[in-house]
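Q: One structure is given below, represented as structure tokens, and several questions about it will come after.
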Amino acid sequence: MQSKVSNLQKQENPVLKGFEWRNYIVYFAFVGVLIYFSITLSDDGFLTTGNLLNIVRQTATISLMALAMTFVISTGEIDLSVGSIAALSSLVGALALQAGYGIIGGLIGGVGTGLVVGLINGLLVTKVAIPSFLVTLGTMGAIKGFAMWVTDTAPVPIVNANFNFIFGSGDIGPIPVLLLWTVVFTVIAHVLLRKTSFGRQVLATGGNENAARFSGVKTMKIKLMVFLGTGLMAGLAGLLYAGRMNAGRFSFGEGDELSVIAAVILGGTSLFGGVGTIIGTIVGSLMIGTINNGLIIMGLDVSQQMIIKGIIIILAVAFGKKAMKR
Amino acid sequence: MDQPILEMKNINKAFNGIPVLKDVNFSVKKGEVHALMGGNGAGKSTLMKILTGVYTADSGEISIEGKPVSIKSYEEAQKNNISMIFQEFSLIPTLTVAQNIFLTREKKTGMGLLDDKDCEKKTEKLLEELGVDIKPSDIVQNLGVGYWQMTEIAKALSQEAKILIMDEPTSSLTKNETEVLFGFINKLKAKGYSIIYISHRMDEIFQICDRITILRDGRYITTETCSETTLDTVIQHIVGMEFDQAFEWKERSYATDVPPIFEVRNLTARKVQDINLKIQPGEIVGIAGLMGSGRTELLRNLFGIDPIESGEIYVNGQKQTIKNPRNAIDSGLALIPEDRRMQGLVLEHSVKDNMILPILSKVKKGTFIDNKKSNDISNEFVRKLNIKTDHIFKQARLLSGGNQQKIVLAKWLANDPTVLMLDEPTIGVDIGAKTEIVDIIRAMAESGKAILVVSSELPELLALSDRVIVMHDGKIKKEITRKEIKSEEELQYAIQGF
């Protein structure tokens, strides 16, 4: 009997190697990108404190949305509407400020907008049972249209200096407020995913939905919550756009879903659900920000940046898929 | 000790007015392993679904430790200390063993955060008690299948389960893993847990079980004590004495003086080894074997779904290269798969669209599908196979099981294959349609095709086959002509490997 037990040692899964490698690839890639730009752009001021803080500022919106997206993707779902939500929220927040409701009013307006869209997404996915890809593809278009329509595509300027300081251009000592936003929410998201029963149930739902349900996880409630999460964070991201640019504008967040999903997948979160990492997501997000920044300094324009981002997503998913195969 | 821990009395259950359980009694003692046996459709799984709250009985009583209980959901079954051990579906592959065992029941620290250390400590203790050699921090998907079951059992026990139901627990295990599982079951028994063990494998049942309850056609037949009964008695009770007229075998003649129309030489793949097989035109060959014996896998290999490692396949004396189902179809092979809803049909498509799917290239006129021709073909098969549908444009999912299966048959007959392979052709089909399907298969053979049938329903296999091949552990163990088989029991023996 004893010998038989030893025959039955855990199978060394050959997949395992690829798996771990995949989980750490983002860190190597990030360092590689930093070194590459540091060398090639050394005369253009890439490696200055000012530019590095700039990367953090430019990345904050993507980072916040990517944190929430990590939860959505961990349940095996997707949310394509984050960019559109950010656009509409920036406008609603700016309109609330213009109407004299103050910073609190702007915050409630912007974040509330995100929550409402998140609720619609979540209910359509859980109650009407439409795949999240289709639901959020629909709301992505509809909400964008709504954002264009609400002011007839006109930007709404924000003159409240305090708002612009808190949500955008402010520095506390040498530290940009946008860095603080990023750090605070990264810590919250990490604890939520790793250390709370909510996070565990998110991973369980994505790992095997049926099994999770049989174990007493209310999988529908969990899914609704993660869509509320992306709605909330996209709403906040909209306010950060507004604060940084001193205006609400329908074009904010355009194409962000691409960067956000790329950041999450690059970070090592499985597109098939069940595996998620917040630290990976943040590094993935910073890497995309760094690539954007480096490409701008190199003199490439938006169209070329989009091409490179698209290629990065496909490569990231290809690596992920290879590792998933048995 | 004498009072049963579980007693089910006079359980009745009917679906759509058709009774599937008739006054069934079942009782399990504390600390025993009790086998539940019976052929397909005997009512084992319905009885267990009633016990676990998936179905509710129409009448009858369930009592646990002498107290009557009502079980209307799986949660209520768990509250009554009953747990079903699913094969591999109730664990989250991406979480660790400890995280799985305590999912939704984790202890929290003062700050409301998960106390993973506590879970791991409790899990370690549990695993140690059960003598399972895995770490609480192991991720489930990196463990062998055998350990999945043990993790599930550990999970059930941590939820205070006292009665465990195991359905064919060894079907995906290797021999070594099975031995380990049996050692584990014996430990559970010694600790006073009761296990309901559902399996078709007699050798395992005689090795591990204390008592056997046999059901047949929805009726309770008998309960035997393992140490006092014989394999003969058990097989006789399972098979019964009734003989189904529709399934009577008729000796058929086919050409034996011509070269075989289908031949497999030394085929080896992941789940099958060294398979040699010849079929004459017009001959029906049945493959018998237990679940996991390699019978379904062989068909999948032949049809190019799973890759072949070595070996050759000949159709009409010509060597064929089969790397995917398209190659197989082009070589004149057809496979009626085991699960028609998942593998056989596009349920949302119409009867017609399903039928013409394999022959699209034959019903084309230029670039487009020839509507008239494809309608004619579909209508012809609806008539020929007596498919009950309002019209050929009805969605396949709206038809009954028997009629769906006939569509799958039509789909392949339309392609006029040389070799027709069928996997459980009449599973989940009512008796009327069953007879018709058997007739269709016979007619196909009459027209000179080679037929290869896999079935776990022995009466069906015996009614159809001219020759039966018995598979065991991926190898052909025995080859018997139909004439040599005197009774179903004899075949049952061969399948069990005696």
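The values are calculated or read from the model by the stated rules, or taken from the named source; none is laboratory data. Every value quoted in this text rests on a predicted model; they were computed, and no experiment measured them. Cβ sites come from the backbone with ideal geometry, for glycine too, and all protein chains shown count toward neighbours. Keep in mind that these areas ignore ligands, DNA and RNA; they rest on the heavy atoms of the full protein, side chains included. Shrake-Rupley method; radii C 1.70, N 1.55, O 1.52, S 1.80 Å.
Q: Rounded to the nearest 100 Å², what is the sum over both chains of accessible area buried where B meets A, with a probe of 1.4 Å?
A: On the way: alone 23450 and 15730 Å², together 36430 Å².
When B and A are taken together, about 2700 Å² of accessible area is lost.
Q: Rounded to the nearest 500 deg cm²/dmol, what is the calculated helix-only ellipticity per residue at 222 nm for the protein assembly as shown, with -39500 (n - 2.57) per DSSP H run of length n ≥ 4? Write out the running numbers ahead of the final one.
A: Numbers: 30 runs with 402 residues, N = 824.
Taking each H run of at least 4 residues, the total per residue is -15500 deg cm²/dmol.
Q: Aspartates and glutamates within cross-link reach of B:K483: Cα-Cα under 12 Å, excluding same-chain residues under 8 positions apart?
A: The qualifying aspartates and glutamates are B:E251, B:D466.
Q: Let me ask something else. Just to check I understand the Karplus step: with θ = phi - 60° and J = 6.51 cos²θ - 1.76 cosθ + 1.60, what whole-Hz values come out for segment A:198-213, glycine and proline as x?
A: With coefficients 6.51, -1.76 and 1.60, one gets 4, x, 4, 6, 4, 5, 5, 4, x, x, 6, 4, 4, 4, 4, 5 Hz.
Q: So if R0 is 25 Å, what FRET efficiency would A:N210 and A:F272 give, r being the distance between their Cβ atoms, rounded to the nearest 0.05?
A: It comes out at approximately 0.95.
Q: Could you work out what % of the accessible surface of segment B:245-496 is carbon and sulfur, using a 1.4 angstrom probe and leaving DNA, RNA and ligands out of the count? It would help to have the intermediate numbers written out before the result.
A: Working: 5600 of 11370 Å².
Result for segment B:245-496: 49 percent of the exposed heavy-atom area is carbon or sulfur.
Q: Can you work out the accessible area per residue across the protein assembly as shown, with the rest of the protein chains kept in place, probe 1.4 Å, in square angstrom?
A: Values: 36430 Å² over 824 residues.
Result: 44 Å² of accessible area for each residue.
Q: In addition: Students often get this wrong, so check it: of B:K352/B:K372; A:K218/B:K191; B:K30/B:K67, which have C-alpha atoms separated by over 22 Å? Let's see the in-between values first.
A: Numbers: B:K352/B:K372 12 Å; A:K218/B:K191 34 Å; B:K30/B:K67 15 Å.
Among B:K352/B:K372; A:K218/B:K191; B:K30/B:K67, the Cα-Cα distance tops 22 Å for A:K218/B:K191.
Q: So what J values fall out for segment B:255-262 if you push phi through Karplus, 6.51 cos²θ - 1.76 cosθ + 1.60 with θ = phi - 60°, rounded to Hz, Gly and Pro as x?
A: Result, rounded to whole Hz: 5, 10, 8, 9, x, x, 7, 9.
Q: Which of the aspartates and glutamates could a cross-linker span from B:K271 if the Cα-Cα distance has to be under 13 Å and same-chain partners fewer than 8 positions apart are dropped?
A: Here the aspartates and glutamates satisfying the reach criterion relative to B:K271 are B:E297, B:D306, B:E309, B:D473.
Q: Run the numbers for B:K29 and B:L360: contour at 0.36 nm per residue of separation, minus the present Cα-Cα distance, in nm.
A: 113.2 nm
Q: Right, here's the next one. Which percentage, to the nearest 5, of the DSSP beta bridges contained in the protein assembly as shown is antiparallel? Display every interim value, and only then the final one.
A: Details: 49 of 84 bridges.
Percent antiparallel among DSSP bridges in the protein assembly as shown is about 60.
Q: Within segment B:133-225, what percent of beta bridges assigned by DSSP are antiparallel, to the nearest 5? Before the final figure, lay out the partial values.
A: Details: 6 of 11 bridges.
About 55 percent, rounded to the nearest 5.
Q: Still on this structure, please answer the following. Name all residues of segment B:139-175 having a backbone nitrogen under 12 Å from the label point set 7 Å from the Cα of B:V54 along its Cα→Cβ direction, giving them as ranges.
A: The answer is B:166-168.
Q: Can you give the percent of C-alpha pairs in the protein assembly as shown whose distance is more than 41 Å?
A: 49
Q: Could I ask something else about it? May I ask you to give the average projected area over all directions of the convex hull of the Cα atoms of chain B, in nm² rounded to one decimal?
A: Details: hull surface 108.7 nm².
Value for chain B: 27.2 nm².
Q: If you take the Cα Rg of chain A and divide it by 2.2 N^0.38 Å, with N the number of residues, what do you get?
A: 1.04
Q: Let me ask another. What shape does segment A:122-263 have by the C-alpha gyration tensor, where a ≥ b ≥ c are the square roots of the eigenvalues, rounded means a/c under 1.5, and otherwise prolate means a/b greater than b/c and oblate the rest? Intermediate values should be presented prior to the final figure.
A: Working: a/c = 3.11, a/b = 1.46, b/c = 2.13.
Cα axes put segment A:122-263 in the oblate bin.
Q: Near the amide H of B:K478, under 5 Å away, which other amide H atoms are found, from residues 5 or more places off or on another chain, if H is placed in the peptide plane?
A: B:V470
Q: Amide H neighbours of B:G144 under 5 Å, at least 5 residues apart or on other chains, H built in the peptide plane: list them.
A: Amide H to amide H, under 5 Å and 5 or more residues apart or across chains, B:G144 pairs with A:Q11.
Q: Using θ = phi - 60° and the Karplus curve 6.51 cos²θ - 1.76 cosθ + 1.60, what whole-Hz ³J(HN,Hα) does each residue of segment A:217-229 get, with Gly and Pro shown as x?
A: So the J values, rounded to whole Hz, are 7, 7, 5, 5, 5, 4, 5, 4, 4, 5, 6, 4, x.
Q: Using the basic label-point model (7 angstrom from Cα toward the beta carbon), what is the A:Y24 to A:D44 distance in nanometres?
A: In this crude spin-label approximation the distance works out to 3.2 nm.
Q: Would you calculate the separation in nanometres between label points at B:R219 and B:A14, each defined as 7 Å from the Cα along the Cα-to-beta-carbon direction?
A: Reported label-point gap for B:R219 and B:A14 is 1.7 nm.
Q: A follow-up question, please. Name the shape class, rounded, prolate or oblate, that the alpha-carbon gyration tensor gives for segment A:205-247, where a ≥ b ≥ c are the square roots of its eigenvalues, rounded holds for a/c under 1.5, and otherwise prolate holds if a/b is larger than b/c and oblate otherwise.
A: Working: a/c = 7.73, a/b = 4.65, b/c = 1.66.
The shape class here is prolate.
Q: Something else about it: Taking a 1.4 Å probe, which of B:K22, B:K271 shows the most accessible area, and what order do the others take after it?
A: I get B:K271, B:K22, largest accessible area first.
Q: Using a Förster radius of 22 Å, what is the FRET efficiency between A:V191 and B:K117 based on their Cβ-Cβ separation? Nearest 0.05, please. The partial results should precede the final answer.
A: Values: r = 16 Å, r/R0 = 0.73.
It comes to 0.85.
Q: Quick check: pseudo-label points 7 Å beyond the Cα along Cα→Cβ at B:S227 and B:E446, how many nm apart are they?
A: According to this spin-label approximation, the distance is 5.7 nm.
Q: Students often forget the sequence filter, so: which aspartates and glutamates lie under 19 Å Cα-Cα from A:K127 once same-chain residues fewer than 8 apart are removed?
A: The reachable aspartates and glutamates, counting only those whose Cα sits under 19 Å from A:K127, are A:E77, A:D79, A:E209.
Q: According to the square roots a ≥ b ≥ c of the eigenvalues of the Cα gyration tensor, what is the shape class of segment A:40-192, taking rounded for a/c under 1.5, prolate for a/b larger than b/c otherwise, and oblate for the remainder?
A: On the way: a/c = 1.88, a/b = 1.29, b/c = 1.46.
Oblate.
Q: Could I ask something else about it? So if each residue of separation counts as 0.36 nm, and I subtract the Cα-Cα distance between A:A318 and A:L52, what length gain in nm does that give? Display every interim value, and only then the final one.
A: Details: separation 266, 0.36 × 266 = 95.76 nm, distance 2.98 nm.
Fully extending the segment from A:A318 to A:L52 adds 92.8 nm.
Q: Return the long-range amide H neighbours of B:V20 (sequence gap of 5 or more, or a different chain), with a cut-off of under 5 Å between placed amide H atoms.
A: Under 5 Å from the amide H of B:V20 lie the amide H atoms of B:K13, B:A14, B:F15, each far enough along the sequence or on another chain.
Q: Rounded to the nearest 0.05, what FRET efficiency is calculated for B:Q159 and B:K319 with R0 set to 45 Å and r the Cβ-Cβ distance?
A: Working: r = 57 Å, r/R0 = 1.26.
Once rounded, the FRET efficiency stands at 0.20.
Q: Can you give the % of DSSP beta bridges in chain B that are antiparallel, to the nearest 5?
A: Values: 45 of 80 bridges.
Within chain B, antiparallel bridges account for around 55 percent of the total.
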